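The numbers here are math on the coordinates, done by the rules we state, and not lab data. Note that this is a predicted model, so its numbers are computed, not measured. Here the Cβ positions follow ideal geometry from the backbone for every residue, glycine too, while neighbour counts run over all protein chains shown.
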Amino acid sequence: MNPSKPPPPGSPGEDLTFHRHAASGLLSHRFATVPELTPNALASLKEKLLTMASYAEAAVNRAVKSLVRRDDDLARQTREEDDRIDSLEKEIDNDAVGLLGQQPEPFNLRFILIAMKISQNLERVGDEATTISRRVIELSNEPQLKQADLIPPMAALAVQMLKDALDAFVNRDPAKARAVIPADKQVDEMNKRLHGELTAVMREKPTAISRGLNLMVICKSLERIADHATNVAEEVVFLYEGEDIRHLDLERPLSSSSSTSRHAS
């Protein structure tokens, strides 16, 4: 068949040609406004990421305040504003994919990929804040259990971890990022303690089961937020040091043979 001649109507070749043109059209539409790989484009990506981080942090603080104040309106506001976090994640992904197509140098490549990973973790932080708010609304119809007083300190630690990890990202400070990671065990211990106390309360008082379960879910959401903060910190270390510290116990000294590096080309 002459390659310059269009395939006959109804032939498999015609279908293939159609799909190729359709795919090309979709791609050109998808990346019609691809940002150029310039310092300003990278700064814009970073700025969107930090804006997303501020919304995620505010969402967690608002959700915990709604629990303490028993404020359903504040809880509903957190749920409604989760859409802003989701929208920013999409924008960051779109910008990042476009920048990747510009064949960035190794460090910028790592920066773009890690910006996408951080945005994913922030989106999940927003989801956890929404989960907390939903449980707060359910709890508002019954007297509060005293164990709820132990939740704000746990939330404060998880949010501080997130703030420190993001500060390390902004200030190119991998040492600060490394310092975030051990705090995850503190949050895990607080979660374990609260679960134990709530389990005991529910055994002694069956009428408290619903409230106890809702508080357990809130604690679990805070524990997951700390996990996401840890993920961000680990990515910051990789960005600036090129070392993969995931799944390593940072409280023990590492020999050079025990560390693992991820490579970006």
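Observations on the model:
- Highest mean packing comes first when the peptides 169-180, 218-229 are listed by Cβ atoms within 10 Å, giving 218-229, 169-180.
- The lysines whose alpha-carbon is closer than 21 Å to the alpha-carbon of Lys220, local same-chain residues fewer than 8 away aside, are Lys65, Lys146, Lys163, Lys185, Lys192.
- Cα→Cβ-extended label distance, 7 Å offset, between Gln102 and Val217, nm: 4.4 nm
- Across region 36-244, the mean sequence separation of Cα contacts (distance under 8 Å, 6 or more residues apart), normalised by length, yields a relative contact order of 27 percent.
- Three-way shape label, region 43-140, alpha-carbon gyration tensor, a/c 1.5: prolate
- Projected label distance in nm at Ala58 and Arg246, using a 7 Å step from Cα toward the beta-carbon: 3.1 nm
- FRET efficiency for Ile209 and Leu50, using Cβ-Cβ distance with R0 set to 35 Å, rounded to 0.05: 0.25
- The simple spin-label model puts a point 7 Å past each Cα toward its Cβ; for Leu109 and Ala179 those points are separated by 3.3 nm.
- Distant alpha-carbon pairs in region 60-210 (separation over 25 angstrom), percent: 44 percent
- Linear extension gain, Lys90 paired with Thr199, 0.36 nm per residue minus alpha-carbon span: 35.3 nm
- Counting neighbouring beta carbons within 10 Å and listing from fewest to most, the residues Glu80, Glu234 come out as Glu80, Glu234.
- Listed by Cβ neighbour count within 10 Å, with the fewest neighbours leading, Asp73, Asp167, Asp86 appear as Asp73, Asp86, Asp167.
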